[in-house]
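J.: Starting off with a structure, shown below.
The values are calculated or read from the model by the stated rules, or taken from the named source; none is laboratory data. Because the structure is a prediction, the values reported are computed rather than measured. Every residue, glycine among them, receives a Cβ derived from its backbone with ideal geometry; neighbour counts consider all protein chains shown. The protein model used for the area step is the full one, side chains on, heavy atoms only, and it has no ligands, DNA or RNA in it. Shrake-Rupley method; radii C 1.70, N 1.55, O 1.52, S 1.80 Å.
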Amino acid sequence: MRVTSSKHCLGPNVYPEVPDGGWGWAVAVAFFLVEVCTYGTIKSLGVFLQDLMEEFGESNSRVSWVISICVFIFTFTAPLSTLLSNRFGYRPVVMMGGFLISLGTIISAFTNSINEMYFTIGIISGLGYCLTFLPTVTILAQYFSRRRALVTSVASSGESFAIFAFAPALTALKQHIGWRYCLVILGTIQASVIGCGLLLCPIIIEPQIVKEDEELDKDSLSLKQLQTVYELENEQTRTSISSGASRSSEDSGVKSLSASNVDLGTAGAETKALIECEVQDKEGQEPCPVKKDEVELAETEAGPLKPSSPKLLDFSVLKDAAFIWYSLFGLFATLGFFAPQLYIIELSKSRGVEPGMASYMLSVMAVAEIFGRLSIGVVLNKVRCRKTLVLLGCVVLLCLVLVGFTIVWEFWGLVVCCAVYGYFLGTVGSTHIPMLAEEDVVGIQKMASSVGVYVCIQSFAGLAGPPLGGVLVDVTKNYGAAFYSCAVGMGLSAICLALVGPAKSGMCQRNQRRKEKGKSIEEEGKTLQDSDQTDFLEVDLAPEDSPAGRTVAQDASLI
């Protein structure tokens, strides 16, 4: 399927169409590992919540700021990630992000206060997460079209595998070597993202020209050639009728028509020469000598059909009403993405679950999340309706499950809530960013510029979510209170997501009406122009003995 092979191993892959595979499978593997080292690690840091509180003597809300600052920097600097990727390419940006993630996590093991962790994990690692995640998910969406939802869902399950493995492993490991050495091990694992950056080969789509299309173009070109020559000859014939009279009276006010006879003849010759050259180029013959300046002038007037260079940073998507509502959906939904994983272990302990068993709640969430990510990919590949409606159903059910955490008190009830929450979190978490590439939202053409703005808008909820839950816990002395804010945010996100479809339909209808109005105005303008030109030629080409000719002669003598 590949048309042009890259000149060197780091060059782009060129395809005639979106491959739905090829090197995209290697990019999918890279995205799986990036998910392990980004979202998977962030959501596993709840294992160290109690240790950090005891080590530094801080409250829940103070420790929660470590996660919230990290998530905020992760999402707020998304436009920066988009800008750097468009300027320097995906590879160097992701490799630099992997280095920052590993550096921030390892340095955190040697901090002496929670304020220092705000800088190491919150800012350094948070910036690394941003530079790593967004370029990877963007280029993965470009390699797939029909299978995009399925492949993205499967690749994003790396987050769930990481939570499933890290939660019990880190809980057991920190009892032997302490939480500080656990962070060193995590930072070493995250250094593998640097290698993942090498797999992000850029993609270029260059459609092949089919021979049948060439023949059709050639036939249409010949028809256009005949029509052009006919029009030029007809114009010259009509103009030559009055050429003698106009030359004898140069001051009659019709001087431009006498000169136009020569200009039209020259234009006709040049046009014929250009047409012959085009035919020779089509047939593979030797090119004829045509003046370069004339060709460049024609291209300047007509406007060459060349792809425009992508903008480094494009905020024009903020004019799209559907994108605005979808961004508000992501803003409120983020309130329920991080707080449950951060507080579920402590919630289980407060409800009588043993500490060793409480850590497995994250593992239950992770396993269910894997099934959610896989199933939503299959469903979105087969549904006929708008994919945003499927996402809306998952968000509503996710809101109901968050309410369930606040009323369940026994072990098995918490296990069921964790399983259901993990399942629907997987359906929403794996699709809300790739859904931007669907025509229901902005489309694949605007995906690269809109993803940075979308994630940036999410950042404010990521900053407020964990601390808000921590404040509610400190005030009420009940870890279940943290889930109330998550449920409220998820409910608001469902309302915003429901408004995306009507906003998109209304915008399409307005654009259609504008196009129809523009076409009608253009047709009216052409009709008026043709009628004016016809009247002018009728007067100009009238014989001298006719009433119209005598009128023109009298006017000329008066002048």
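J.: At a probe size of 1.4 Å, how large is the accessible area of TYR181, to the nearest 10 Å²?
T.: 150
J.: Just grab the label-to-label distance for VAL416 and GLN175, each label 7 Å out from Cα along the Cβ direction, in nm (one decimal).
T.: Each label point lies 7 Å from its Cα, and together they span 2.9 nm.
J.: Sort THR105, THR188 by heavy-atom solvent-accessible area, probe 1.4 angstrom, most to least.
T.: Values: THR105 5, THR188 90 Å².
Largest accessible area first, the residues go THR188, THR105.
J.: Can you run phi through the Karplus equation (6.51, -1.76, 1.60; θ = phi - 60°) for the stretch 362-369 and list ³J(HN,Hα) in whole Hz, with x for Gly and Pro?
T.: Computed from phi, the couplings for the stretch 362-369 are 5, 5, 4, 4, 5, 5, 5, 5 Hz.
J.: Tally up the carbon and sulfur contribution to the accessible surface of the stretch 322-393 as a whole percent, 1.4 Å probe, everything protein left in place.
T.: Values: 1780 of 2570 Å².
Summing carbon and sulfur atoms, their accessible area is 69 percent of the total for the stretch 322-393.
J.: Right, something else. Between the alpha-carbon centers of the stretch 447-484 and the stretch 145-203, tell me the distance in whole angstrom.
T.: Cα centres, the stretch 447-484 to the stretch 145-203: 22 Å.
J.: What are the residues whose amide H is under 5 Å from the amide H of GLU438, where those residues sit 5 or more places off or on another chain and H is modelled from the backbone?
T.: GLY443
J.: While we're here: Run the numbers on the stretch 1-121 and let me know its relative contact order in percent, using alpha-carbon pairs under 8 Å that are six or more apart.
T.: This gives 19 percent for the stretch 1-121.
J.: Also: For a quick check: with amide H placed at 1.01 Å from N, whose amide H comes under 5 Å from ASN13's, ignoring anything fewer than 5 positions away on the same chain?
T.: ILE203, ILE204
J.: Suppose R0 equals 41 Å; then what is the FRET efficiency for ILE495 and LEU198 from their Cβ-Cβ distance, rounded to the nearest 0.05? Don't skip to the end; give the middle numbers.
T.: Working: r = 43 Å, r/R0 = 1.05.
Efficiency at R0 = 41 Å is approximately 0.45.
J.: Below 8 Å between Cα atoms, with a sequence gap of 6+, how large is the relative contact order for the stretch 317-526 in percent? Write out the running numbers ahead of the final one.
T.: Working: 271 pairs, mean separation 84.1, N = 210.
RCO, the stretch 317-526: 40 percent.
J.: With every protein chain left in place and a probe of 1.4 Å, what is the accessible surface of LEU199, to the nearest 10 Å²?
T.: Probe radius 1.4 Å; accessible area of LEU199 about 60 Å².
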